[in-house]
Amino acid sequence: MNTRLRQFVALATGALLAGCLSFAAPASASTLTSATADVQAPTPLVVNARWGGHATYDRIVIDLQGYSPTVTVTPVAQLVYDGSGKPVPLAGKHFLEIRLNPAAAHDDAGGSVYQGPKLQKIYLSKLKGLAMTGDYEGYVTFGAAFDTVPYYRAYSLHSPERFVVDIAH
């Protein structure tokens, strides 16, 4: 009798589990693909760049509309404008390139939505200049100039969306 009860419990559990899984099963892959292809998040817009000096650090803030894109901050030997490759006229010995992707500083009609400075000398303890160096094919790029090697921390903040680079004194 004990064996029959075990078989019945195992069979009932299997049937119940199969029934529950059938309700949780996703729609066909073609349905999911076509449904998600129609819904795309708009490209985040870069609307401003600003900076500030504090007691122990200088800060760069890039203001965004939409979600926070992937951002890379890279030390580079010199700053150049995207597309042309021409040097950016910022004085400094050390530079950081801040690249956001996907991102745009223009709307769908090609009009600029970026309200910040394109090229700015800055007289803070570490930060000596900031330039928007590109808005090209889904990338928005900034360059920052320093007289000494910048030791920095980069991160995103939310509500409102923005990207921050803090440079230690």
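The values are calculated or read from the model by the stated rules, or taken from the named source; none is laboratory data. Everything numeric in this text was worked out from a predicted model, so none of it was measured. Note: ideal-geometry Cβ built from the backbone for every residue, glycine included; neighbour counts use all protein chains shown. Surface areas here come from the heavy atoms of the whole protein model, side chains and all, with no ligands, DNA or RNA. Shrake-Rupley method; radii C 1.70, N 1.55, O 1.52, S 1.80 Å.
Of the residues contained in segment 114-136, none is found to be more than 21 Å from residue 153 (Cα to Cα), open to solvent by 20 Å² or more (accessible area, probe 1.4 Å) and among the small types (Gly, Ala, Ser). Any residue at all in segment 42-63 that is at pLDDT below 95 and open to solvent by 90 Å² or more (accessible area, probe 1.4 Å)? Checked segment 42-63: at least one residue is at pLDDT below 95 and open to solvent by 90 Å² or more (accessible area, probe 1.4 Å). Among the residues of segment 151-169, the one identified as closer than 16 Å to residue 44 by Cα, among the hydroxyl-bearing types (Ser, Thr, Tyr) and touching a residue at least 24 places away in the same chain (Cβ under 8 Å) is 156. Restricted to segment 151-169, and to residues there that are more than 19 Å from residue 66 (Cα to Cα) and assigned to a loop (DSSP other than H, G, I, E, B), the residue that is most open to solvent (accessible area, probe 1.4 Å) is 151.
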